[in-house]
Amino acid sequence: MPVGVSMTVNGKAVTGSVEPRTLLVQFLREHLGLTGTHVGCDTSQCGACVVHVDGISAKSCTLLAVQADGAEVTTIEGLAKGDELHPMQAAFRENHGLQCGFCTPGMVMSAIDLVRMTPDPSEQEIREGLEGNICRCTGYHNIVKAIKAGAAAMRG
Amino acid sequence: MYEFEYHRPGTVADASAAVKSAADGRILAGGMTLLPTLKQRLASPSDLVDLADIAELKGISVAGNEVVIGAMTRHAEVAASADVQSKIPALAQLASHIGDPQVRNRGTLGGSIANNDPAADYPAACLALAATIRTNEREISADDFFTGLFETALSDGEIVTAVSFPVPDKAAYMKFANPASRYALVGVFVAKTGGDVRVAVTGAGSDGVFRVSEMESALAGNFSADAIAGIAVPADGLNADIHASAEYRAHLIGVMARRAVQAAG
Amino acid sequence: MSETGIGAAVRRKEDRRFLTGRGTYVDDINRPNQTWAVIVRSPHAHARIKSIDTSAATAAPGVVAVFTGADMQVGGLPCGWQIHNKDGSPMLEPPHPPLVSDKVRHVGDQVAVVIAETRSQARDAAELVAVDYEMLPAVIDMREAIKGGSLVHDDVPNNTCYDWELGDKAATDEAFAKAAHVTKIDIVNNRLIPNAMEPRAALGEYDAASGDYTLYTTSQNPHVIRLLMGAFVLQIPEHKLRVYAPDVGGGFGSKIFHYAEEAIVTWSAGKLARPVKWVADRSESFQVDAHGRDHVTHAELALDKDGKFLGLKVSTLANMGAYLSTFASSVPTYLYATLLAGVYTTPAVYAEVRAVFTNTGPVDAYRGAGRPEASYLIERLVDRAARETGISQIDIRRRNFIPAEAFPYQTPVALQYDSGDYNATLDEALKRADFDGFAARKAEAAKRGKVRGIGFSTYVEACGIAPSAVAGALGARAGLYESAEIRVHPTGSVTVFTGSHSHGQGHETTFAQIVSEQLGIPFDNVDISHGDTSKVQFGMGTYGSRSLAVGGEAIIRACNKIIDKAKKIAAHVLEASEADIEFKDGQFTVAGTDKKMAFGDVALTAYVPHNFPHETLEPGLDETAFFDPLNFTFPAGCHICEVEVDPDTGVVEVANFTAVDDVGRVINPLIVEGQIHGGVAQGVGQALLEGCVYDADGQLLTGSYMDYCMPRADDLPSINAGTTTTLCKHNTLGVKGCGEVGAIGSPPAVINAVVDALSELGVTDVPMPATPQRVWQAIQAAKTAAAAE
């Protein structure tokens, strides 16, 4: 039986009618058309689906849409202000922290949350902080560099 | 996922009633194990009862010589808690290495122990620290709580509300993670509380978390890595998989136990 | 060098859309009235299908159709490369239907497709398809398979697809007869699961009004898919079939091949006259994406008393899995054995390769494809030879390197290397790795209870695939050229249509750098279009590190045609002889005068040809070039790895990794380094973490990220990557290719380092992946052996 959900996504109030088994990522992608959030695995490990729920990073493939009822959700589409990239997005571009782009949205969302917890992370802290995100293209080298630079930019 | 009904009650009593009245009700805490299980279609509960709105299940408090952690407290909150860090740093450290950051942001203490995954971290802490598991019906000692692989003493509709951890004199947890899943291949929690020493092992036992009495008595006399250097844990009854044979796990228990004792100081 | 020209570290054009969540991957595309397909797959590795009952599934809510192999009578998935046996007979090519009817041959084999209004409904109904199986014994181990006890295909005796050889056996035997020392090795190149982060997806669509089909698919080579699926499987002519591979989330080889699901959704869309979409679950990807590597090899190296290599003998079993995937047959032959001379002057090489069917998923090209297997074999052998003869790891290599002055160099295994300087890459790597400081680092590690080792790999590979004439002579059923069209628009901006396909490589940036420099126009005035057969003339796609060396050269040649045509136009307008027109920095000048015309003005004139002499000068400025290379390209390099091993647990930590690669001219150093980082990460993954494991019944034990260990950020160090340069001699840019070198060079460096670290404990060999358990077991075995002595 479909149930109603309402939440704030990227600053906009949204509502929908979903089966309880609908995952948040399905709600974002299929109901709201926010296809920047990706699905790369079915065991909750790859992190391509990471979004922020009430300001904290979460895997949207391991969260029911109904669990996020009433929450504030931010996706990769909600980071940039108009044409101005978020400092972490800009740092990924500047440091070539992405190749195919598929893991990138989750990577950026995790990185921003990592900096929330650790404003000036060491290389080791960054590497450990990415435990929930898998990238097959970059070898992480430039992602680590990007997050260091992004963290510095976010500190201002 | 198969279809199910979803409930989000506001009280423990309502949650318990909802589970009991369902044909096959399951409690949803952080969902970090349950949702992947449902996604793989390995379970088909009729109802999910989400505990997220029950305020009384959340939070960390220090009462006398005990740290009490609400069942719906997230791993990240335990890891970041000043109280846990000062009273039982080994527990904060354990919480800070469960899964990955996103798992720690959603996963809960109560969900972890109620699931009793044989490779989960918290059961080792509960057992080694001689924790008491509080439910809506009673209090259960950790020794009685973990009854086997994915099995606990919880009855239908019984809900973990909090866990009370006695503050030890010394404690440390050493995890040897499965390189792929990052669950514990072997995790050893060592705690010394007064004259009592407990050594609890997760990840390795085919029946789930267990204690190593031979190490405990050796450490009770002499709390040093040397005291257990000669103790070999038998491989019989340990898990074996592509990542670690029973022999390798048995060996790792010794290594991790010695390192935990060293880390505990 | 301009800020955006050749050699500049230009930030990528494609990043903005990816970073803002506005990429368009296949799963992001939905079509009106779309249905969802879920494939019913075999849970068994080998079983006869007695019956399939689809009635319950057909009646389930939302189900539109259920099709089985009996319904889908189409051609089989073709293999693109024919290998011949030692006796000259062709390899055996058993049928490879998109939906199987007779028996299933691996876990995940396609049995039926359920199509429903929603994905959940399709999934619910797929569980209702009842297949009655008669179990057959599964054959998983190649060494068992070649005994022929159980046959994957009833008409393939001994499960042997082919038994092939390369090189001069007699000369090699003679070399061994003269040897002062022979080093032997038995080696397994572990099977890998590619795991591009975007799972495969396919969306088929049929327009009943026009009869046109469209397939949106996650492919590295949409034109190849159009050709294979259109001509061989579904008999849809090219002009009625559009294949579009939009943004693709990584490939690494696994998205080269034509897969059953592509044919199933396209065919079903035609049957239903509704779009049909399929997206793989990661668990499906593990089972049915073509895997990589999987060799079992015995090899021997003959040396003279001075450590000079005299001859190499190699005998390899190569796993094909249950069916021949698109390029499977070429990987362990022409992409492997032809590289066995490595960077050395070994005068005689003989290799024999048996390709074997097993009840496992298909195996095909994965990043490096054959060359990592060759480099791993050679560099492990050389490392062992050095240990056995007491010659240093560096000296034994220098003594045997093909000298820089010897190029072009003809190897005894068919290839002619055009350029290289192997001492230069070794020197640069030794410097970057601070080789001189290794002893001190090792001593310091020992104080922390760790054993530290250093390992080398000096490799060469062949890429820029491939000269069509050579490939054709060796059995390729396709040409391996590339095409480019430069369309100059009236106001001077340019769209480049390339048959290369970018799925992370940054072509939109690199190719724009080339075109901007060639035509002297602003970088931002160049757009690269790829991936859509309805836009791009033709293309062979991206694999074998060929995009720049082949696709880039096609672009250069198309640019040259544009310049030639533009000169004609400029000559006409400037009233000069065409021979007197010079082109530089975007300006057409009449030699020796100040008469000139900017590129943009020429473009405008081309489309506003008010006074063109139409007999001799056509309007428009749009040129196409096809480029077929004269030879492969031969990147080479030196990788040096330092590891620290915890002898108590067997944990290996990569402490330092240095990669110095000669990839020819570097167009964009940022992108080249990124490719090398990624390749090294996959190589380190192969060496330490990743291994596909089936049990004896053919069940995949590493079927998810819970058990298949993907390299994560904390598994890897920062990578010290550098380049040296010798130019490729047979393309204008002098480029060689950088996509695969990381994965080719790194695995032997890592394992040689682990063996070096453990040598003080008596360990002489560690298999890949060198997991903690395996390293610990190797240490225990050495201890037991030492105690027994």
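We did not get these values from a lab; they are worked out from the coordinates using the rules stated. The structure presented is a predicted model; accordingly, all values stated were derived computationally and were not measured. Every residue, glycine as well, gets a Cβ built from its backbone with ideal geometry; the counts of neighbours run over all protein chains shown.
Things worth noting here:
- A prolate overall shape is assigned to the stretch C:30-188, the ratio a/c of its alpha-carbon gyration tensor axes (a ≥ b ≥ c) being 1.5 or greater and a/b exceeding b/c.
- Extending 7 Å from Cα along the Cβ direction at residue C:180 and again at residue C:405 yields two label points whose distance is 2.4 nm.
- Size descriptor, Kirkwood hydrodynamic radius, that averages inverse alpha-carbon separations across the stretch C:515-565, Å: 12.2
- The string of couplings for the stretch C:597-604 from the Karplus curve (6.51, -1.76, 1.60, θ = phi - 60°) is 8, 6, 3, x, 5, 4, 4, 4 Hz, one whole number per residue in order, with x for Gly and Pro.
- Of the residues C:335, C:46, C:422, the one whose Cα sits farthest towards the positive end of the charge dipole of chain C is C:422 (charges of +1 on Lys and Arg Cβ, -1 on Asp and Glu Cβ, taken about the Cα centre).
- Rounded to the nearest 20 debye, the dipole size of the stretch C:557-633 about its Cα centre is 120 debye, using +1 on the Cβ of Lys and Arg and -1 on the Cβ of Asp and Glu.
- One chain, two ends: residue C:304 and residue C:608. Fully extended at 0.36 nm per residue, the span grows by 102.1 nm beyond their Cα-Cα distance.
- Ranked list, fewest to most other Cβ atoms within 10 Å of each Cβ, for C:96, C:181: C:181, C:96
- With an a/c value of 1.5 or above and a/b not larger than b/c for the gyration tensor axes a ≥ b ≥ c computed over the alpha-carbon atoms, chain C is described as oblate.
- Residues residue C:24 and residue B:141, FRET efficiency given R0 of 60 Å [Cβ-Cβ distance, rounded to 0.05]: 0.60
- When C:627, A:102, C:435 are sorted by how many other C-beta atoms sit within 10 angstrom of their C-beta, beginning with the fewest, the order is C:435, C:627, A:102.
- Between residue C:169 and residue C:416, the C-beta separation translates, for a Förster distance of 25 Å, into a calculated FRET efficiency of about 0.70.
- Neighbours of residue B:21, meaning other residues whose beta-carbon lies under 12 angstrom from its beta-carbon, give a summed charge of -4 when Lys and Arg score +1 and Asp and Glu score -1.
- Those aspartates and glutamates that a straight Cα-Cα span of less than 13 Å connects to residue C:103, excepting residues fewer than 8 apart in one chain: C:132, C:134, C:154
- Ordering C:241, C:339, B:127 from the fewest to the most neighbouring beta carbons within 10 Å gives C:241, B:127, C:339.
- Taken along the Cα-to-beta-carbon direction at a fixed 7 Å, the label points for residue B:151 and residue C:477 span 5.7 nm.
- Summary of the geometry: the stretch C:143-182 and the stretch C:184-247, compared by the centres of their Cα atoms, lie 33 Å apart.
- Assigned charges on the beta-carbon of Lys, Arg, Asp, Glu; the stretch B:30-148 dipole about Cα centre (debye): 320
- The Rg/Rh ratio for chain A, using Cα coordinates for both the radius of gyration and the Kirkwood hydrodynamic radius, is 0.98.
- Shape category assigned to the stretch C:308-461 from the gyration tensor of Cα positions, a/c cut at 1.5: oblate
- Formal net charge of residues neighbouring residue B:151 (Cβ-Cβ distance under 13 Å; K, R +1; D, E -1): -3
- Length-normalised contact order of the stretch A:1-142 in % [C-alpha pairs under 8 Å, at least 6 apart]: 25
- Convex hull of alpha carbon positions in the stretch C:533-595: directionally averaged projected area 5.9 nm².
- Amide hydrogen proximity for residue C:457: with H placed 1.01 Å from N in the peptide plane, the residues at 5 or more positions away or on another chain lying under 5 Å are C:639.
- Positive-end extreme of charge dipole, the stretch C:433-521 - chosen from C:457, C:490, C:503 (charges on Cβ): C:457
- Gaussian network model of chain B, springs between alpha carbon atoms under 10 Å - residue of B:51, B:94, B:34 with greatest fluctuation: B:34
- In order along the stretch C:43-52, phi translates into HN-Hα couplings of x, 10, 7, 7, 7, 7, 8, 7, 7, 10 Hz, rounded to whole numbers, per the Karplus curve 6.51 cos²θ - 1.76 cosθ + 1.60 with θ = phi - 60° and x for Gly and Pro.
- Percent RCO, i.e. relative contact order, over chain C, from Cα pairs under 8 Å lying at least 6 residues apart: 15
- Using all pairs of distinct alpha-carbon atoms, the Kirkwood hydrodynamic radius of the stretch C:664-789 works out to 17.0 angstrom.
- Rounded FRET efficiency, nearest 0.05, which uses the C-beta distance separating residue C:729 from residue C:491 and R0 of 35 Å: 0.35
- Those residues of the stretch C:32-51 whose amide nitrogen sits under 18 Å from the label point placed on residue C:273, 7 Å along Cα→Cβ: C:32-35
- Alpha-carbon centroid distance for the pair the stretch A:32-59 / the stretch C:367-436, whole angstrom: 44
- Both numbers refer to the Cα atoms of the protein assembly as shown; Rg and Dmax are 31.0, 105 Å.
- Here's how it looks for residue B:27: its modeled amide H is under 5 Å from those of B:49, which are all 5 or more places away or on a different chain.
- Label-to-label distance, nm, for residues given as residue B:56 and residue C:780 (7 Å Cα→Cβ offset): 5.1
- Separation of alpha-carbon centers, the stretch C:479-551 and the stretch B:31-97, rounded to whole Å: 53
- Summed side-chain charge close to residue B:108 - residues other than residue B:108 whose Cβ falls under 12 Å, Lys, Arg +1, Asp, Glu -1: +2
- Computed over the stretch A:83-145: relative contact order in percent, which uses C-alpha pairs under 8 Å that are six or more apart: 49
- Working note: Karplus 6.51/-1.76/1.60 with θ = phi - 60° gives the stretch C:221-231 the couplings 7, x, 5, 5, 5, 4, 5, 5, 6, x, 7 Hz, where Gly and Pro are set to x.
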